[in-house]
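Have a look at the structure below, then the notes.
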Amino acid sequence: MMYWEKVKQIEEELEEVQRKIVEIEEKLKSLPEGHLEAKRIGNNVYYYLRYWEDGRLKSRYLGKSAEDVASKLREAEELKRTLSSLKIRKRKYEALLDKISKLINS
């Protein structure tokens, strides 16, 4: 494989990573942030979504069942892990392309 073909491949991979980052960031906007908290009162368990807003810890009552919110929180955590690894790959590709650019222009 010629060098310019490899550079082109790296550029395409960088574009794909950037596209995925934007896609995940948009998806995260639609998912809840925070964590679940269960409070037992008598024989009943009540669920709350706890999250930070404007520097203060807030709570939102969810009711006696929180399965839907719990699954969305798990999805958000998985997406955040994926986003983190994609951002690392993006930085590596950018650094590599920057080195190549400096070699070509020197």
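Kirkwood radius, segment 55-106, all distinct C-alpha pairs, inverse of mean reciprocal distance: 14.8 Å. Where Rh is the Kirkwood radius over the Cα pairs of segment 3-105, the temperature 4 °C and the viscosity 1.567 mPa s, what D in µm²/s does Stokes-Einstein return? For these conditions, the coefficient is 77 µm²/s.
So which residue, out of 79, 28, 57, gets the largest mean-square fluctuation from a GNM of the chain using Cα contacts under 10 Å as springs? Its mean-square fluctuation being the largest, the pick is 57.
Principal-axis analysis of the Cα atoms of the chain puts helix 67-105 at an angle of about 20° to the longest axis. If you run the Gaussian network model on the chain, springs between alpha carbon atoms under 10 Å, then out of 19, 40, 50 the most flexible one is 40.
Among 64, 20, 87, which one shows the highest mean-square fluctuation when the chain is modelled as a Gaussian network with alpha-carbon springs under 10 Å? Ranking 64, 20, 87 by mean-square fluctuation puts 64 first. Charging the Cβ of each Asp and Glu at -1 and of each Lys and Arg at +1, and nothing else, the dipole of the chain about its Cα centre rounds to 460 debye.
Computed from the coordinates by the stated procedures, all read-outs in this text should not be read as laboratory data. A quick note: this is a predicted structure, and the numbers were derived from the prediction, not measured. Ideal geometry is used to build each Cβ from the backbone, glycine not excepted, and the neighbour counts take in all protein chains shown.
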